[in-house]
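In what follows, a single structure is set out as structure tokens and then discussed.
The values are calculated or read from the model by the stated rules, or taken from the named source; none is laboratory data. Everything numeric here is computed off the predicted structure, so don't read it as measured data. Counting neighbours? That spans all protein chains shown, and the Cβs are built from the backbone with ideal geometry, glycine included.
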Amino acid sequence: MHCISSDDSDSLDDVQPDSILLQCTRAYGPVDEVSAGIDKYVANMVNCVFGSGLREEEYKEILDDVATKRPDNCHALAPMDCNSQVLDALKTDATKANFHMKDSGKDIIKAAIILTKSLTVLDKIAQTGQSDVAHEVCMLNGALALLGNANHKNNLAHWFINKHEINQKYTQPVFRQGGYDSSCVW
């Protein structure tokens, strides 16, 4: 069951869901679907962070928070590590790309950890019969699913780039006495 769509009537801005202006933004605006606006201060914050990123001190503060520590039973919320022998075999540009992909993967993981912990708390509240909280849990669960999917795609791209950039001597089949050893191929 998909629970990620939200009723546009809970908008905090002055734009009403049946507004002609909103209909025009859907018809003439960007190709993406839009819903009613949200609180302008929240929108400004989102636009700033998604457009420019966090300031270094804010970023470090979030990463150092206890909320970003992985639950011990969620092994999938651990960053992907590349074998040191593979890293040593990569060309300089591939090593740089590897670092950047690992860094973005770390942010995806940390966001998923925070969201997972928040969902656990909100789910307990939703079980008390508060339907509005239950709806929000469903929406946030959709966000968690998208983060998981983004992490999976990031890991696949990471692996694909490394596989194609590694020195040729490591991508060739290794022959051992008695035949081909498939365990030595990437």
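In segment 91-104, which residues are under 15 Å from Met80 (Cβ atoms) and not in a helix (DSSP H, G or I)?
Across segment 91-104, there are no qualifying residues.
Condition test on Leu140, is it touching a helix residue (DSSP H, G or I) at 6+ places or on another chain (Cβ under 8 Å) and without any contact (Cβ under 8 Å) to a residue 40 or more places away in the chain?
It is true that Leu140 is touching a helix residue (DSSP H, G or I) at 6+ places or on another chain (Cβ under 8 Å) and without any contact (Cβ under 8 Å) to a residue 40 or more places away in the chain.
Tell me which residues, restricted to segment 49-75, are outside any helix (DSSP H, G or I) and among the polar types (S, T, N, Q).
Hit for segment 49-75 is Asn73, nothing else.
Residues of segment 42-72 being farther than 17 Å from Lys110 by Cα, among the hydrophobic types (A, V, I, L, M, F, W, C) and exposed (fewer than 10 other Cβ atoms within 10 Å of the Cβ), which ones?
Listed by number, the list is empty, since nothing qualifies.
Search segment 147-167 for residues being loosely packed, with under 13 Cβ neighbours inside 10 Å and modelled with pLDDT of 90 or more, and hand back the single one that is farthest from Ala111 (Cα to Cα).
Selected residue: Lys153.
Quick grid of which residues meet (1) among the aliphatic types (A, V, I, L, M); (2) closer than 30 Å to Asn162 by Cα:
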residue: Tyr28; (1), (2): no, no
residue: Val42; (1), (2): yes, no
residue: Cys48; (1), (2): no, no
residue: Glu61; (1), (2): no, no
residue: Lys69; (1), (2): no, yes
residue: Ser84; (1), (2): no, yes
residue: Lys96; (1), (2): no, yes
residue: Ala111; (1), (2): yes, yes
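Among what's in segment 76-88 and is surrounded by 11 or more Cβ atoms within 10 Å (Cβ to Cβ) and assigned to a loop (DSSP other than H, G, I, E, B), pick the residue that is modelled with the lowest pLDDT.
Within segment 76-88, the match that is modelled with the lowest pLDDT is Cys82.
Test Asp32 against the criterion of being outside the structural domain of Cys138 (by TED's automatic domain parsing), closer than 24 Å to Ser104 by Cβ and either touching a helix residue (DSSP H, G or I) at 6+ places or on another chain (Cβ under 9 Å) or at pLDDT below 75 (or both), and give yes or no.
The answer is yes for Asp32.
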